[in-house]
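One structure below.
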Amino acid sequence: MTQKGNQEQLKNFNRRSVLNYIRKKKTATKAGLASVTGLTFMAIKKIIEELESLDLVRCDEMEGGNVGRKAVSYAINENYRYTIGIHINKFVTSIAVLNLCGEVMEVNRFSMPKENQSQSAFMELVIANVREVVRRSGIAQEMFLGIGIGVPGPVDTVNGVVLTPPNIPVLKYLPLKEILEERFGCSVFVQKDTNVIAFGEYWCGDDKDTNDLTYIDVDMGIGSGSIIDGKMNVGANRIAGEFGHITLDLNGPLCNCGNRGCLEAMSSGIAILRDLRGGLEKEPGHPLYEKREQLEIEDVFEMVERKDLLIISLLNQSAFYMGVAVSNLINVLDPQRIVLGGILIQKYPRYFEIVQDVANSYKVKGAKETQMSMSGLKENAGVVGAGEIVAEQFFNEMVNDLFTGSAQ
């Protein structure tokens, strides 16, 4: 590569560094950017002027006290382009239009079919809902950068194919990327759902200073996703995050994966329903006794509202197992922050408190208490993270073409 080419690469790297710092922190001043990047104030001033001329950043507000000159802070131009985020889980598919700051502009949700449904019928439903949210947003099609999708694993992320998710048969070997790219003519990126949510929490969650984060999804199944130094950790063989399949008890209950004593078999929503069914056999006077063979997770939370001791004890037991597993995760990875989300966390807040207490009790003694929090993105975590996958491609890959064009 020529010296001129090397210089241009370095310039683009500096521009991307400035963009992504502002993206993470939400706002930044020129002086602040100079301090964290090591670039001179004049170099930062020039980069900001270039980014403003491309409409990638905008002046946000004046910062400072009552004395002296106030500093101007800059923010990402959230309406420069838009993304589409899709999150598919066992119960609901959510589809949203998002701006470049991960804010949901429009969202549609539809329930997953309980009966067998063909893949073609499912995809037509997805496509119709994508078109509907785009129509409602009023945003022109050429303003969209692409579509990001979070789905239960395992996933072939290179080809955008869902492989063999144990709890959603309609997704088995479904080529999402190929189908949607053909229908919409834009780039499509497919990732495992927990990696997507972790990415959303990293870029759009409550903590602007976290570089390392692990998200744990405590739902009907259990999974996790990790962000290390701002990058999604998918593992050498792309199976990182199968937290639900760490073994807690070699002689424990059989898991859907075929092994015994997995965390998912002992602590998930599915495990709670199984144990509840067994508990009801011994309590014929219980309000759910007659329904014991057709239990749904909504029944659990309904009875929590009624302070049912059988169900509360099962949820607390599930939270205890989860806390033990989280302590192991802390001992191995020692992340800056752990974020917990999913239906068990959202619907039973005491669950989080138990996990936090148990995890910090069972981890290595003497270590600083690990920061833990509940997901602030809640039911939008999946679509926000899916949109951020597309935004990540834009801010680190596609944006180089803009820089090259502006230099000519």
Q) List the pairs whose first member sits in the stretch 273-286 and is over 22 Å from Gly221 (Cβ atoms), whose second member is part of a helix (DSSP H, G or I) and at pLDDT below 95, and whose Cβ atoms are under 6 Å apart, counting only residues at least 6 apart or on separate chains? A) Leu280/Tyr289
Q. Which residue pairs have Cβ atoms closer than 6 Å, lie 6 or more positions apart in sequence or on different chains, and pair a first residue in the stretch 372-384 that is touching a residue at least 60 places away in the same chain (Cβ under 8 Å) with a second residue that is in a helix (DSSP H, G or I)?
A. Ser375/Ala381; Leu377/Gly200; Leu377/Val384; Ala381/Ile197; Ala381/Gly200; Gly382/Ile197; Val384/Gly200; Val384/Cys204
Q. When only residues in the stretch 138-163 that are touching a residue at least 24 places away in the same chain (Cβ under 8 Å) and of a type in the set (Val, Ile, Thr) count, which is nearest to Lys177 (Cα to Cα)?
A. Val161
**Q.** Pair list, Cβ under 9 Å, 6 or more apart: the stretch 97-117 residue modelled with pLDDT under 95, other residue part of a loop (DSSP other than H, G, I, E, B)
**A.** Ser111/Phe91; Met112/Asn89; Met112/Lys90; Met112/Phe91; Met112/Ile168
(Q) Ile338 - would you say it is assigned to a strand (DSSP E or B) and either closer than 18 Å to Asp217 by Cβ or assigned by TED's automatic domain parsing to the domain that holds Gly221 (or both)? (A) yes
**Q.** Number of the condition not met by Gly221 [criteria: (1) surrounded by 24 or more Cβ atoms within 10 Å (Cβ to Cβ); (2) under 20 Å from Glu103 (Cβ atoms); (3) more than 14 Å from the chain's Cα centre (by Cα)]
**A.** (2)
Q) Considering Leu248, Leu340, Leu263, which residue is among the aliphatic types (A, V, I, L, M), farther than 24 Å from Ile197 by Cα and in contact (Cβ under 8 Å) with a residue 60 or more places away in the chain? A) Leu248
Q: Report yes if Leu310 is in contact with a Gly (Cβ under 8 Å, 6 or more places away or on another chain) and free of Cβ contacts under 8 Å to residues at least 40 places away in the same chain, otherwise no.
A: yes
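Taking the condition surrounded by fewer than 24 Cβ atoms within 10 Å (Cβ to Cβ), at pLDDT below 95 and either within 23 Å of Lys378 (Cα to Cα) or more than 25 Å from the chain's Cα centre (by Cα) (or both), does Asp212 pass?
yes
Here's the yes/no breakdown for (1) of a type in the set (A, V, I, L, M, F, W, C); (2) assigned to a helix (DSSP H, G or I); (3) in contact with a Lys or Arg (Cβ under 8 Å, 6 or more places away or on another chain):
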{"site": "Tyr173", "(1), (2), (3)": "no, no, no"}
{"site": "Ile179", "(1), (2), (3)": "yes, yes, no"}
{"site": "Arg183", "(1), (2), (3)": "no, yes, no"}
{"site": "Phe189", "(1), (2), (3)": "yes, no, yes"}
{"site": "Glu201", "(1), (2), (3)": "no, yes, no"}
{"site": "Tyr215", "(1), (2), (3)": "no, no, no"}
Q. What is the number of the single condition among (1) touching a Phe, Trp or Tyr at 6+ places or on another chain (Cβ under 9 Å); (2) surrounded by fewer than 19 Cβ atoms within 10 Å (Cβ to Cβ); (3) farther than 25 Å from Gly376 by Cβ that Ser118 does not meet?
A. (1)
Q: Determine which member of the set Gln393, Gln371 is within 19 Å of the chain's Cα centre (by Cα) and in the same structural domain as Ile147 (by TED's automatic domain parsing).
A: Gln393
Q. Taking the stretch 193-241, which residues are of a type in the set (S, T, N, Q) and not assigned by TED's automatic domain parsing to the domain that holds Cys257?
A. Thr194, Asn195
Q) Looking at (1) closer than 26 Å to Lys231 by Cα; (2) part of a helix (DSSP H, G or I), can you tell me which one Glu369 breaks? A) (2)
Q: Select from the stretch 83-100 the residues that are in contact with a strand residue (DSSP E or B) (Cβ under 9 Å, 6 or more places away or on another chain) and outside any strand (DSSP E or B) and write down the one among them that is nearest to Val384 (Cα to Cα).
A: Leu100
Q) If you check every pair at least six apart or on different chains, which have Cβ atoms under 9 Å apart with a residue in the stretch 180-191 that is in the same structural domain as Gly148 (by TED's automatic domain parsing) and closer than 14 Å to Val130 by Cβ first and a residue that is of a type in the set (Ser, Thr, Tyr) and in a helix (DSSP H, G or I) second? A) none
Q: Report, by residue number, each residue of the stretch 280-298 that is in a helix (DSSP H, G or I) and crowded, with 18+ Cβ neighbours inside 10 Å.
A: Leu280, Ile297
(Q) Being free of Cβ contacts under 8 Å to residues at least 12 places away in the same chain, surrounded by fewer than 15 Cβ atoms within 10 Å (Cβ to Cβ) and not acidic (Asp, Glu): is that true of Val332 here? (A) yes
Q | Filter result for Asp357 (closer than 24 Å to Cys262 by Cβ and either surrounded by fewer than 13 Cβ atoms within 10 Å (Cβ to Cβ) or modelled with pLDDT under 95 (or both)) | A | no
**Q.** Among (1) surrounded by 20 or more Cβ atoms within 10 Å (Cβ to Cβ); (2) farther than 21 Å from Val339 by Cβ - the single one Ala236 does not satisfy
**A.** (1)
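The values are calculated or read from the model by the stated rules, or taken from the named source; none is laboratory data. Note that the structure is a prediction, hence the values are computed from the model and not measured. Please note: Cβ atoms are built from the backbone with ideal geometry, for glycine as well, and neighbour counts cover all protein chains shown.
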